[in-house]
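The values are calculated or read from the model by the stated rules, or taken from the named source; none is laboratory data. Just so it is clear, the structure is predicted and the values come from calculations on it, not from any experiment. Positions of Cβ are generated from backbone atoms using ideal geometry, with glycine treated the same way; all protein chains shown enter the neighbour counts. When the accessible area is computed, the model is the full protein with side chains, heavy atoms only, and any ligands, DNA or RNA have been set aside. Shrake-Rupley method; radii C 1.70, N 1.55, O 1.52, S 1.80 Å.
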Amino acid sequence: MHLGFYINNSLGEVTKTCTEDEIAKILQIHSMNISIYFVITFSAVAVFLGSKIILNKIRRNNAQLTVIIIGAGPIGLTSALISVHCKRVKKLVLYEEQSKSNVEKRTYQIALKSAQVSFLRSYGVDFDNLEGLWHEGCFYTRVGIYLEYIIHILPLYSKEITMHFGTKFAREMRDDIDNIQGRKLVICCDGSTGLASHTLGLSDECVIHSSGIFGAVAAVERNNETLVPRPEKRIHNLSFDLSAYISSAFEENGNSKFTLKLFGNSRCRYMALAVNKCDSNIVRALKTVLDKSMMRNIFLKCYNIYKRSDETCISDSYCLNNMKFSPRLYEIKLSQRMENVGYISDCDLFVITEGEASRSYNYNTGMDINLGVKGLSSLQPFIEMVTLAETEHSIMQALVFKMEHSEKICRESLKYGLKEYLLL
Ligand SMILES: Cc1cc2nc3c(=O)[nH]c(=O)nc-3n(C[C@H](O)[C@H](O)[C@H](O)COP(=O)(O)OP(=O)(O)OC[C@H]3O[C@@H](n4cnc5c(N)ncnc54)[C@H](O)[C@@H]3O)c2cc1C
């Protein structure tokens, strides 16, 4: 039987009729061609995707960053330590206005809470080899000891590290940064009065948050004393008799119970007085009365009553000449830099602020360093994001990540920080 199957030429004319076998053969060849076509296309796509993945992996593995730190205070040097732990960071440059010996000689005491101790341990800080004092999970040491320790261990990491001590970062030095090849991250840790981030294009504007707490601070410095770390001491539920200063109209009408905190090393002792915001007569009096002696006497009496037993009392005349103190109660406020991250595409440069350059209280809690260290908990993931960010979207994602973390730190500090550092 002849099976009607026609093969047409381009004009539509029948040129040939085929047998069943011929048709089967044609179909077989056709399906083979289709399979070969699919195999070739699939292989090409697989090779393309495979090489793209491999190239991306190589590029990601090789992506590197130069970190520039401005300020060698506790936060600047801790940022340096975190940076050298990041495999992405190939080069680290540090600028510090003061000489290395002046940095290492800084005398004030820092108190690291246990959470921050654990965090720093994870970056290799060996607290067993740091001179200091442990008390209720906190580590107390002279800040210079901590700074010297970090300066000493940084070169142990196999990175290219350059530390410029005695070099103030100023506008003229912008070119030095711009001229560094590749992607760069500048971490401005130049303290609450620092100008570095402004020089690099971030706004100076700050938001001022009220903490809901009133406070006053005092400092007694005795230069004949040695610098021995001391644990803090908190005294709760204090009330003061101000009848010697103010009329009976100012007698207490509210439940204003003060907390007093004594801290600092044996040479420089600080007192921080705090009370939850309220409108009691005593708080109103301590906020408004112009007679400075009232606050001086409160601090003098507090010191002599609550000082450590191995400390000598301070006399009226010593207090008059040597005690520095806030003349009245004021509202404790947190100042937060509004723009704390930025990216300058022309020179592929990220800028962030950390520590007191980013947020600071108008008060000394004796534990302020912890707030700065908390801010650094997002530094390592941020460095990873910044190094790998390629598109506008991923650059934005990195900036938003850091910004949100900074917001969170401020929110939490206002909610819990001062209570934890002062009132509880
Ligand atoms: C008197 C005093 C007492 C303190 N007491 C306590 C305490 O009891 N407990 C506690 O936990 N913390 C205490 N602190 C710590 C403090 O409150 C902060 O936590 C800490 O100093 C913040 O660190 P930082 O690195 O952000 O800033 P800073 O320590 O202010 O460091 C900023 C660094 O930047 C440098 N710098 C500034 N501008 C430039 C520039 N343009 N170029 C190069 N370098 C620059 C400065 O020289 C400085 O070294 C005390 C601080 C002081 C000053």
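How many residues are free of Cβ contacts under 8 Å to residues at least 24 places away in the same chain and within 12 Å of the ligand (Cβ to nearest atom) if we restrict to region 63-121?
Going through region 63-121 one residue at a time, the tally reaches 1.
Filtering region 341-358 down to residues that are under 12 Å from the mean Cα position of the chain (by Cα) and open to solvent by 10 Å² or more (accessible area, probe 1.4 Å), which residue is nearest to L399 (Cα to Cα)?
V341
Might you check whether a residue that is of a type outside the set (V, I, T), part of a strand (DSSP E or B) and out of contact with any Gly (no Cβ under 7 Å at 6 or more places or on another chain) occurs anywhere in region 110-125?
yes
State all residues of region 136-160 that are assigned to a strand (DSSP E or B) and buried (at least 18 other Cβ atoms within 10 Å of the Cβ); if no residue qualifies, say none.
The answer is C138, F139, Y140, T141, R142.
Looking only at region 177-199, which residues are of a type in the set (A, V, I, L, M, F, W, C), more than 8 Å from the ligand (Cβ to nearest atom) and within 23 Å of V373 (Cβ to Cβ)?
L185, V186, I187, C188
For a quick check of your reading of the model, give me the residue pairs whose first member lies in region 255-275 and is more than 18 Å from Y140 (Cβ to Cβ), whose second is among the polar types (S, T, N, Q) and in a strand (DSSP E or B), with beta-carbon atoms closer than 7 Å and at least 6 apart or on different chains.
Correct list of pairs: K257/N237; A274/T259.
Taking only pairs six or more apart or across chains, which ones have beta-carbon atoms under 8 Å, a first residue in region 364-381 that is more than 9 Å from the ligand (Cβ to nearest atom), and a second residue that is open to solvent by less than 10 Å² (accessible area, probe 1.4 Å) and of a type in the set (V, I, T)?
As it stands, the answer is L376/T78; L376/I82; L379/I82; L379/I187; Q380/I82, since those pairs meet every condition given.
Looking at (1) open to solvent by less than 50 Å² (accessible area, probe 1.4 Å); (2) touching a residue at least 40 places away in the same chain (Cβ under 8 Å), can you tell me which one T199 breaks?
Going through the list (1) open to solvent by less than 50 Å² (accessible area, probe 1.4 Å); (2) touching a residue at least 40 places away in the same chain (Cβ under 8 Å), T199 breaks only (2).
Please find, among E232, E221, the residue that is within 11 Å of the ligand (Cβ to nearest atom), open to solvent by 60 Å² or more (accessible area, probe 1.4 Å) and in contact (Cβ under 8 Å) with a residue 60 or more places away in the chain.
Residue meeting the stated conditions: E221.
Filter region 174-196 for residues that are without any contact (Cβ under 8 Å) to a residue 12 or more places away in the chain, within 20 Å of A72 (Cβ to Cβ) and of a type in the set (D, E) and give the result.
D176
Checking Y245 against (1) assigned by TED's automatic domain parsing to the domain that holds C313; (2) away from the ligand (no atom under 16 Å from the Cβ); (3) crowded, with 18+ Cβ neighbours inside 10 Å; (4) touching a residue at least 40 places away in the same chain (Cβ under 8 Å): exactly one of these is not met. Which one?
Among (1) assigned by TED's automatic domain parsing to the domain that holds C313; (2) away from the ligand (no atom under 16 Å from the Cβ); (3) crowded, with 18+ Cβ neighbours inside 10 Å; (4) touching a residue at least 40 places away in the same chain (Cβ under 8 Å), the lone unmet condition for Y245 is (3).
Scan region 145-176 for residues that are among the small types (G, A, S) and within 11 Å of the ligand (Cβ to nearest atom) and report the count.
2
Yes/no matrix, rows are residues, columns are (1) more than 19 Å from E225 (Cα to Cα); (2) in contact with a strand residue (DSSP E or B) (Cβ under 8 Å, 6 or more places away or on another chain):
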| position | (1), (2) |
| --- | --- |
| I305 | yes, no |
| S317 | no, no |
| L329 | yes, yes |
| N340 | yes, yes |
| I344 | yes, yes |
| V351 | yes, yes |
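Take region 304-319 and flag every residue that is open to solvent by less than 50 Å² (accessible area, probe 1.4 Å) and either free of Cβ contacts under 8 Å to residues at least 24 places away in the same chain or not in a loop (DSSP other than H, G, I, E, B) (or both).
Listed by number, the residues that qualify are N304, C319.
Would you say K301 is over 30 Å from L388 (Cβ atoms), among the charged types (D, E, K, R), assigned to a strand (DSSP E or B) and open to solvent by 60 Å² or more (accessible area, probe 1.4 Å)?
Taking the combined requirement at face value, the residue does not satisfy it.
Kindly indicate whether V386 is of a type in the set (A, V, I, L, M, F, W, C), more than 16 Å from the ligand (Cβ to nearest atom) and assigned by TED's automatic domain parsing to the domain that holds G342.
In short, yes.
Any residue in region 323-331 that is open to solvent by less than 10 Å² (accessible area, probe 1.4 Å) and either in a loop (DSSP other than H, G, I, E, B) or under 30 Å from D190 (Cβ atoms) (or both)?
Yes, some residue in region 323-331 is open to solvent by less than 10 Å² (accessible area, probe 1.4 Å) and either in a loop (DSSP other than H, G, I, E, B) or under 30 Å from D190 (Cβ atoms) (or both).
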